[in-house]
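Colleague: Take this structure, written in structure tokens, and hold onto it; I'll ask about it next.
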Amino acid sequence: MNLLLLIGAPLLTALAVLAARNKAQIKGISLAGSLVQLGLALALLFAYRQEKAAGQTAQLLFEQQYPLFRSLNISLHFGVDGIAVAMILLTSFVVVAGVLVSWNVEKMTKEFYFLLLLLGLGAYGFFISLDLFILFFFLEISVIPKYLLIGIWGSGKKEYSANKLALMLMGGSALILVGMLGLYFYAGNSFDITTLAAASISREMQLILFPLLFVGFGVFTALFPLHTWVPDGHSSAPTAGSMFLAGISMKLGGYGCLRIATYLLPEGAKEYSTIIIILSSIAILYGAFATMMQKDLKYINAYSSVSHVGFSLLGIGMLTQAAITGALMQMVSHGVMTALFFAVIGMIYDRTHTRMVAEMGGLMKKLPFISTVFFLVGLCSLGLPGLSGFVAEMTVFVGSWENPGTFHRIATIAAAMSIVVTAVYILRAAGKTLMGPVTNEEHLSLRDATWNEKLAAILLLAGILAIGLAPGWLNELLQPAAQEIMNRIAGK
Amino acid sequence: MMNGSTILFYLLAALTLGCGVLSISTRHIFRAAIYLLFSLVGVAGIYFWLAYEFIAAVQIVVYVGGIVVLIIFSIFLTQQAGEKLPAQSLSRGIWAALAVFCAFALTMLQVVQHNFPEGGENKHVTVRDIGEKMLHTGDGGYALPFEIISMLLLAAMVGCIVIASRTKPESK
Amino acid sequence: MPNLLTIALIPLLPLAGFVLSGIFGRRYIRQHAGWLGTLLLLGSFVLSLSTAYDYFFVYGKTDGVYQTLVPLQHTWLAFSDKLSIDMSLVIDPISVMMLIVVTTVSLMVHLYSLGYMKGEERYSTYYSFLGLFTFSMLGLVLSGNIFQIYIFWELVGVSSFLLIGFYYDKPSAVAASKKAFIVTRFADLGFLIGILVLSYYSGSMDFQTMIARLTSPESNEVKSAVAANFLGVSALSWGAALVFMGGAGKSAMFPLHIWLPDAMEGPTPVSALIHAATMVVAGVYLVARMFPVFALTTPAVLEMIGWVGAVSAVIAAVIACTQTDIKRVLAYSTMSQIGFMMFALGVSGYGGEAGLGYTASMFHLFTHAMFKALLFLGAGAVIHYVHSNEMKDMGGLRKYMPVTHATFLVACLAIAGIPPFAGFFSKEEILLAAYHSNPAIYYIALATSGLTAFYMFRLYFGIFWNKPYQSAATGHDSHSHGEGGWVMMLPLVLLGLAAAGAGFIPFGEFVSSDGKALASHFHIAFSVAPVTLGLAGILLAAWMYYRSGNQPDKMAMAFGGFYKAAYRKFYIDEIYLFVTKKVLFNLVGRTAAWFDRTIVDGFINLTGNTTLLVSERIKKFQSGKVQQYALFFLTAAVLLAALFIYVLK
Amino acid sequence: MSFEPGLYHILFVSTALFFIGVLGFFTRRNLITMLMSLELILNSVNLNFIAFNKYVWPGQLDGLFFTLFIIAIAAAEAAVAIAIIINLYRNSQSIDVNNAEELKY
């Protein structure tokens, strides 16, 4: 399968949107384009599985390479492993759902969809790139539109949030850039991941470069204490913006932390794993406790994202095969789940014009579909079996427990405690908004989800259920890649 | 050992530098222009002293005859007669003098410490040599720069007309 | 060998009911969801019976032991080479017994609800939740993998949550459902960590492998687990204790019991199914499932289980004597009876005669399911009739509700342990087992069984005798629907028959700790004490509540502060409330939220503001004055030149 | 170093002239006088070219040509500068450099 299709399709869609004449055309083109991307992602999954089933043992499949700057050894090098396939699939799901929930954006529709599709393009490009330079390029492509999405279509103190988000992410990018250049000069003048992986980088150098790359990508994935863009950014962003932010952007960071920082610099990862574990355990528990006190639904989900993403980082820090697999699963699971959560919050906000928990009550009566989805995604968040969150978190726990140090055990138990706190805040939010008597008389005239919202919710729910009910396929996809990373860490 | 040539050089140098200093220090703008003129003449004199008559001639024709006259015209256009120039603030003057002195000292130190290679036998340059080289199109010829400079002059001329002749925007 | 399809269909039929009425219920099969669910469950019930028959009588014993059969084992999620979640179906005596219990009670509740829930707005939703619960419970029972049990464990938890909060516009129901979920979730945290510990040391999540490895003291697994200490206790003990913590939460053992009385906010048939007969005994089932590990490897934990069970039994019985809400009385009674089952396991040994407690516990689980479900359904009928949960609104109902009255009486006699009703047999065995191994627990249990008889008959006399009935709900003709239709009466009668006759099943034949048959012995002499105590309790209750009078108040006065403490449930709720509201919410949560906004985010903002401030200061350099720029330029050039020439040669 | 004028002496003159120009450029507030200072600076550069041509590479003419071109460019530059100054004067009735400071923060 030609991976260029994955960049080509969103690019063409975005350009076509620019050429569209009216809103109907814009929406039609965007939806069609995003569905094509979804189709491509699914085709990629099947092609990948087919190759693997045919006995293909290479880590990276569908490799392509075109020289770009010969003198600097930069080339357009594309290829995917299991992790990338899973992430691409996640991206395509979120893109389609994001297009669907934005159906009623009235202000500057064309620009909105264009930026949305551009964000998707950045993510696809990021996941298929095997050249750090190109990868960085796509990473930046996915940052800039966010600034505009929040700044123009956002709500609340949107300028502040947009600035904060863009500046913090740019700060992360700066660290990544420095780390990248360090790799380039100390490992054979190449940005190519495969070349860098083969090069031997001295331990001292790894200890310097690893924190740069890990923290840089960590900013994207809400590494404590650099997570504060998450609540503000999410709460100000438009619905689709939040979905992309949490569903895709935070995964760029997680992917980078693992696939680049940890994979290329295993010695550094080993050295710093203690710190990663401490920070992620803090993020998990502290995020969960902070969530308990939030009053705004978007803040609730934003803080719970901090907590959930902490599991990814915890898994990475634990450095066992199962924990890393779990970390990856958590990324995918959290992506779908949070996107859906934000979509539902957006749907509720569109109707009630408030996101304050205290101002709602008994919505189940009038909004049965939305409430059911809210419930399901909440249950997914608190790790109910049969939904994706459970599979991911349990894999992280089991994997973490395989690291026999007492310190690791305590960190695992601390992280596990969050499942109780999560239950508290999810049930509290759901109980107050959906259950109980209807507190606001005006809410009695609300209308349930429209077709596009239903479609978006069902699509993402399908993703959650596909992982939750039959996690085998995802496991097969991610486990070899995690094993590969473990092999490097073990020095094989 | 002082001979005529030496004395002449020192005189020319004194003229150049002295008039230069006066040119930047006088508070009468018209006098400044005149001092500048003499300083430029002094430079032309040094060219003569170095036996580059053609350059000296060009210096006098273009600088003294052209640029200084242009400057004097612009003074007439922009300045009331007899008006003294405004003084610069003292602190700026002191800082500037300090910085300039340090820079001068540094440069001179470097110049003095550097050993420039001795050139070979001196050869008189005739206008013919210059003309041939200037219009030579082969290796080491200056035909192309010459053309470019002419284009530049044309462009400058057009530019001057455009800038100076622009009337005020639509308000009038 | 039982057929795989047959067994797989047992849980799958209710699941189909859940999916069908969950997705289509609202629009298409609104009115028929009840019958659909009931019929599907009937199928499940019949299949369970046939499985039980096949297993016990056709397939029979090999070497005098009922073999464990695993007709299905499918790797669902492989964590690593060793550890994986296998979805399996396990058929052994206790799982078959539980299949019967779950499908029977569930079928009865489905049937009963056809009448009880008629006309509810979310009728189809109710049946879909019931289907989900039954599926999860059956899945739990059939699990052969400890993680699989955890999965279904969570699923029954969530279906319990959904059903308790079924009347979601009632704030108390919402609060109760949250409480139930969160308290059990807390216990599940222990269970989860226990699973991690045990599976790590045994290198397997499969029950059979795990038990085999952990019970042979010579195995490497046991040695490494015993060697690993934490706070002076071996890892294995920690693991076993934590797993029990999960069971204690679900089975409402002290001090994790606080959710159970509140859970009575759910519809009464749900209480009968989930909070009396099936889900709450999951903890007992879990301990029974892992019994060899507890009994052979960590006897200290087993003893702790015994004590937790005994304490729960007596505390619940005392509280039950003081409550006035009939469902709460039944809830505490449930807790007390589960305490009996739990300490029966706690005092049991493994194998042979020592394993009597194990058999007794399972036997009591079985009989209790029948008569407690019956009690709840009967209470449901009463509540349906008088539209109130409070005992003061009842009295004299025997004339109006004859069937309910009769069956309720049977159930009360059964739970009080009066021969020849079912409870007598199982309770005698439990007491016998306790008598032989732990006399202290035996005396506690003996006292508790006297209390049991008292509070049950307090309930019975309070509802059906006492003062003559006056409808409290004025303006509402509560008599029009009578006792409810045959769909509500039939389950009462059927369960009544079971409660009366289940004791005659030779239970030891089928279920014992090591699989070998265990003959039950009856010593008439031994039975005298408990039966006498039971009768005394009944008589006391009759004296106090047969007619309405002031004896109860006098009695309450006599106990003074103790009565008040018991009435207030020994203030355990208040302690929990303090810990959650004050400590967790206000102290930890508020601090975390404040810390994040003020310190962490404050630092980020400080960085931004400092940048702004500095740029505000240094922007003066951008003055627009050309000469100044030139001067800076020259100065910098000189400095740099000097630097490069003289310093960095 | 002797009294006999040579390369170093001319270099001294040109350097001095250069910094005189620079000092003028810094201290003068009138744009025209600043332009004059600029002319001094350019002349000092020319002097350098000539001197090096004479003493270091006497056989060649490149220094000479550079001087010629610089003189030509200086003429053009002066013309353009004066056009700008006059335009500025027309707009703001002042050619004080301190008044031409719109281009700031």
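Please treat every number below as a calculation from the coordinates, not as lab data. Keep in mind that this is a model prediction, so the values were computed, not measured. All Cβ positions, glycine included, derive from the backbone under ideal geometry; neighbour counts span all protein chains shown.
Colleague: When the helices in chain C are scored as -39500 (n - 2.57) per DSSP H run of 4 or longer and the sum is shared across all residues, what 222 nm value do you end up with, to the nearest 500 deg cm²/dmol?
Modeller: Numbers: 27 runs with 423 residues, N = 649.
Mean residue ellipticity, 222 nm, calculated: -21500 deg cm²/dmol.
Colleague: In nm, give the distance between the simple-model label positions of residue B:14 and residue C:539, each being 7 Å from the Cα along the Cα-to-Cβ direction.
Modeller: About 14.7 nm, to one decimal.
Colleague: OK, next. Report, in whole Å, the centroid distance computed from the Cα atoms of the range C:576-649 and the range C:288-307.
Modeller: 61
Colleague: While we're here: List every residue whose amide H lies under 5 Å from the amide H of residue C:76, counting only residues 5 or more places away in sequence or on a different chain, with H placed 1.01 Å from N in the peptide plane.
Modeller: Close amide H contacts, sequence-distant or interchain: C:85, C:86, C:87.
Colleague: Give me A:478, A:384, A:72 ranked fewest to most by other Cβ atoms within 10 Å of their Cβ, as a rough exposure proxy. Don't skip to the answer; put the middle values down first.
Modeller: Values: A:478 25, A:384 22, A:72 12.
Least crowded to most crowded, the residues run A:72, A:384, A:478.
Colleague: If you wrap a convex hull around the Cα atoms of chain B, how much volume per residue is inside, in Å³? The partial results should precede the final answer.
Modeller: Working: hull volume 38.2 nm³, N = 172.
So the per-residue hull volume is 222 Å³.
Colleague: Report, as an integer, the average count of C-beta atoms from other chains found within 10 Å of each Cβ along B:49-56.
Modeller: Numbers: counts 2, 8, 1, 6, 0, 2, 10, 1.
Counting other chains' Cβ atoms within 10 Å and averaging over B:49-56 gives 4.
Colleague: Taking the Cα centre of each part, how many Å lie between the range A:1-66 and the range C:522-573?
Modeller: Cα centroid of the range A:1-66 versus Cα centroid of the range C:522-573: 74 Å apart.
Colleague: Going toward the positive end of the dipole of chain A, with +1 on Lys and Arg Cβ and -1 on Asp and Glu Cβ, which of A:445, A:347, A:470 do you reach last?
Modeller: My answer, from the dipole projection, is A:445.
Colleague: At R0 = 30 Å, how high is the FRET efficiency between residue A:12 and residue A:458 if r is their beta carbon distance? Nearest 0.05 is fine.
Modeller: Details: r = 27 Å, r/R0 = 0.89.
So, using R0 = 30 Å, E works out to roughly 0.65.
Colleague: Using just the Cα positions, wrap chain A in a convex hull and report its mean projected area in square nanometres, one decimal place.
Modeller: Projected area, direction-averaged: 20.8 nm².
Colleague: If you don't mind, there's one more thing I want to ask. Can you list residues whose amide H is under 5 Å from residue C:230's amide H, if they're 5+ apart or on another chain and H is modeled 1.01 Å from N?
Modeller: Residues meeting the amide H criterion: C:235.
Colleague: Let me ask something else. Which angle between 0 and 90 degrees, to the nearest 10, do you get for helix A:368-381 versus the longest principal axis of chain A when only C-alpha atoms count?
Modeller: The angle comes out near 30 degrees.
Colleague: For chain C, what D do you get in µm² per second when you plug the Kirkwood radius from alpha-carbon pairs into Stokes-Einstein at 25 °C and 0.890 mPa s? All intermediate terms of the calculation are to be shown ahead of the outcome.
Modeller: On the way: Rh = 26.7 Å.
Result for D is 92 µm²/s.
Colleague: Quick one: what are the phi-derived ³J(HN,Hα) couplings along the range C:366-377, Karplus 6.51/-1.76/1.60 with θ = phi - 60°, whole Hz, x for glycine and proline?
Modeller: So the J values, rounded to whole Hz, are 5, 5, 4, 3, 5, 6, 6, 4, 4, 4, 5, 5.
Colleague: Shifting gears a bit: Are there chymotrypsin sites (Phe, Trp or Tyr not before Pro) in the range C:19-85 that DSSP puts in a loop and that have at most 13 other Cβ atoms within 10 Å, and which ones? Intermediate values should be presented prior to the final figure.
Modeller: On the way: sites: C:24, C:28, C:35, C:45, C:53, C:55, C:56, C:57, C:59, C:66, C:76, C:79; in loops: C:24, C:28, C:79.
Within the range C:19-85, the qualifying chymotrypsin sites (Phe, Trp or Tyr not before Pro) (loop, at most 13 other Cβ atoms within 10 Å) are C:28.
Colleague: Need one value for A:220-227: mean number of C-beta atoms belonging to other chains within 10 Å of its residues' C-beta atoms. Could the numbers behind the result be given before it?
Modeller: Numbers: counts 0, 0, 0, 0, 2, 7, 3, 4.
The shielding value for this peptide is 2.
Colleague: Which log10 I(q)/I(0) values, to two decimals, does the protein assembly as shown give at q = 0.04, 0.08 Å⁻¹ under the Debye formula with one point per Cα?
Modeller: -0.39, -0.99
Colleague: So who's got an amide H within less than 5 Å of the one on residue C:513, skipping anything under 5 residues away but keeping other chains? H placed 1.01 Å off N, in plane.
Modeller: Sorted by chain and number, the residues that satisfy this are C:351, C:359.
Colleague: Report the longest stretch of chain B that contains none of the GluC sites (Glu not before Pro) sitting in a DSSP loop with at most 13 other Cβ atoms within 10 Å.
Modeller: Working: sites that count: B:83, B:118, B:121, B:170.
Longest gap between qualifying sites, sites excluded: B:1-82.
Colleague: Please list C:251-257, C:296-302, C:603-609 highest first by mean number of surrounding beta-carbon atoms within 10 Å per residue. Write down the numbers at each step before the final one.
Modeller: Working: C:251-257: 25.4, C:296-302: 20.3, C:603-609: 13.7.
Top to bottom by mean Cβ count within 10 Å: C:251-257, C:296-302, C:603-609.
Colleague: What list of ³J(HN,Hα) couplings, whole Hz, do you get for the range C:441-448 from phi and the Karplus terms 6.51, -1.76, 1.60, once you set θ to phi - 60° and write x for glycine and proline?
Modeller: In residue order, the calculated couplings are 5, 4, 5, 4, 5, 4, 4, 4 Hz.
Colleague: Test of the criteria: in the range C:359-443, which trypsin sites (Lys or Arg not before Pro) are in a DSSP loop and have at most 15 other Cβ atoms within 10 angstrom of their Cβ?
Modeller: On the way: sites: C:372, C:392, C:398, C:399, C:427; in loops: C:398, C:399.
Sparse-neighbourhood loop trypsin sites (Lys or Arg not before Pro): C:399.
Colleague: Using Cα centres only, tell me the gap between the range C:374-405 and the range B:80-133 in whole Å.
Modeller: Comparing the Cα centres of the range C:374-405 and the range B:80-133, I get a distance of 115 Å.
Colleague: Let me ask something else. Within 10 Å of each Cβ in peptide C:591-598, how many partner chain Cβ atoms are there on average? Round it to a whole number, please. Please list the in-between numbers first.
Modeller: Numbers: counts 4, 12, 10, 2, 4, 13, 5, 0.
For this peptide, the per-residue mean of nearby foreign Cβ atoms is 6.
Colleague: Right, here's the next one. Would you mind getting me the FRET efficiency between residue C:577 and residue C:61? Use the beta-carbon distance for r and R0 = 45 Å, nearest 0.05. Walk me through the numbers before you get to the answer.
Modeller: Details: r = 52 Å, r/R0 = 1.17.
Given R0 = 45 Å and the Cβ-Cβ separation, E is 0.30.
Colleague: Read phi for every residue in the range B:137-150 and hand back ³J(HN,Hα) as whole Hz from Karplus 6.51 cos²θ - 1.76 cosθ + 1.60, θ = phi - 60°, with x for Gly and Pro.
Modeller: Working through the residues one at a time gives 9, x, 5, x, x, 10, 4, 5, x, 4, 4, 4, 4, 5 Hz.
Colleague: Taking the Cα centre of the protein assembly as shown as the origin, how large is its charge dipole in debye, to the nearest 20, when only Lys and Arg (+1) and Asp and Glu (-1) carry charge on their Cβ atoms? Don't skip to the answer; put the middle values down first.
Modeller: Numbers: 83 positive and 72 negative charges, 641 e Å.
So the magnitude is around 3080 debye.
Colleague: For the pair residue A:202/residue A:63, report the inter-label distance in nm, with labels modelled 7 Å from Cα in the Cβ direction.
Modeller: 2.9
Colleague: Suppose R0 equals 30 Å. What FRET efficiency, 1/(1 + (r/R0)^6) with r the Cβ-Cβ distance, do residue C:558 and residue C:392 give to the nearest 0.05? Please report the intermediate quantities before stating the final value.
Modeller: Values: r = 21 Å, r/R0 = 0.69.
After rounding to 0.05, the efficiency reads 0.90.
Colleague: So, one more: Treat every Asp and Glu Cβ in chain A as -1 and every Lys and Arg Cβ as +1, leave all other atoms uncharged, and give the resulting dipole magnitude about the Cα centre to the nearest 20 debye.
Modeller: Details: 29 positive and 24 negative charges, 153 e Å.
So the magnitude is around 740 debye.
Colleague: Still on this model: Rounded to a whole number, what is D in µm²/s for the range C:194-321 from Stokes-Einstein with the Kirkwood radius over alpha-carbon pairs (20 °C, 1.002 mPa s)? Walk me through the numbers before you get to the answer.
Modeller: Numbers: Rh = 15.7 Å.
Roughly 137 µm²/s, to the nearest whole number.
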